[in-house]
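The values are calculated or read from the model by the stated rules, or taken from the named source; none is laboratory data. The structure displayed is predicted, hence computed values, not measured ones. All Cβ positions, even for glycine, are placed from backbone atoms using ideal geometry, and neighbour counts span all protein chains on display. For accessibility, only protein heavy atoms count, side chains too; no ligands or nucleic acids. Shrake-Rupley method; radii C 1.70, N 1.55, O 1.52, S 1.80 Å.
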Amino acid sequence: MVGADAEGAAVSRSARLVFSDVDETLIAVKSMFDFLAYYFCGTRGTRGARLAADVRRDLSRRTSAGAPREAMNRLYYRTWAGEPAARVAELAEAWYAERSRAPGFYLAATRRALELHRDAGDAVILVSGSFPAVLAPIAAEVGATRLLCSVPGTHDGVLTGQLVGDPCIGEAKRAAVRDTLRRCPNVDPARCYAYGDHLSDLPMLAEVGHPVIVGGSAELTARLPRARVLDPHTALDVRALLSPGPVAGAASRRDGA
């Protein structure tokens, strides 16, 4: 589940880590599905567009029926079986170049928050069920030093449709955050931040002293009342968000505690 580590030394030197979900937390689109449509439309035309739409519709139906998001993440990656990894990476860069030019691609408040974290010397880490080819240009743009994400398997330069390790969803996000914190003994989890928008981000948010809910999900807020809420489209109050006092219920978590 751990993808690219761009600057591992920078992470270990930072006194505070900032974990951020990506889809609908940092960017407005669901990157996995948006890129799926972009790639298959670009490589197969109308037939590919239908395939991408069918995959999205099927996974949405299964999720609505109660299928685990982790299982749906694995099922999504089966669609990529047989695709050349280099071609996927090439078109992921083209996808980002095109999509990121559109107004509103980045959610203003979260992007500003991560910028202020970087200015303060914090290490920004993106945590997502999406995959490195799609996430790498986003990480570069926001100055993230590490990706914790789902990693598609490859064989002889071709995607296998399987994942290397677990999909980075739900409890796997908690495990990835805990492992990162364990490798940084100088970092107190109670001083760290995490940003997420969906109930599946709860395990990650619960691991830090300063969880931030982007968009104000009622279900997520009810489960984590100590979290602060960030309006994704308004960057006016972001600076105050980054200078909070102690958060009720926050505790240092070490060695899986």
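Before moving on, here are some points about what is shown:
- In the chain, a dipole from Cβ-located charges (positive for Lys and Arg, negative for Asp and Glu) runs towards its positive end, and of ILE27, ALA71, GLY48 it is ALA71 whose Cα lies farthest in that direction.
- log10 of Debye I(q)/I(0), alpha-carbon scatterers only, for region 1-140 at 0.09, 0.14, 0.20 Å⁻¹: -0.31, -0.74, -1.30
- Sequence of THR154, THR79 when ordered by accessible area, the most exposed leading, probe 1.4 angstrom: THR154, THR79
- Max mean-square fluctuation residue, GNM over the chain, Cα-Cα springs under 10 Å, options VAL164, VAL88, VAL187: VAL164
- Taken over region 40-117, the alpha-carbon convex hull comes to 154 cubic angstrom per residue.
- Residue of ALA176, ALA222, ALA15 that the Gaussian network model of the chain assigns the largest fluctuation, springs spanning Cα pairs under 10 Å: ALA222
- Overall, region 1-157 carries a charge dipole of about 520 debye about its Cα centre when +1 sits on the Cβ of Lys and Arg and -1 on the Cβ of Asp and Glu, all other atoms neutral.
- In degrees, nearest ten, helix 31-64 long axis to first principal axis of the chain (Cα): 60 degrees
- Taking the convex hull of the alpha carbon positions in region 124-206 and averaging its projected area over all directions gives 6.2 nm².
- Helix axis angle, 108-119 relative to the chain longest principal axis, alpha carbon, degrees: 60 degrees
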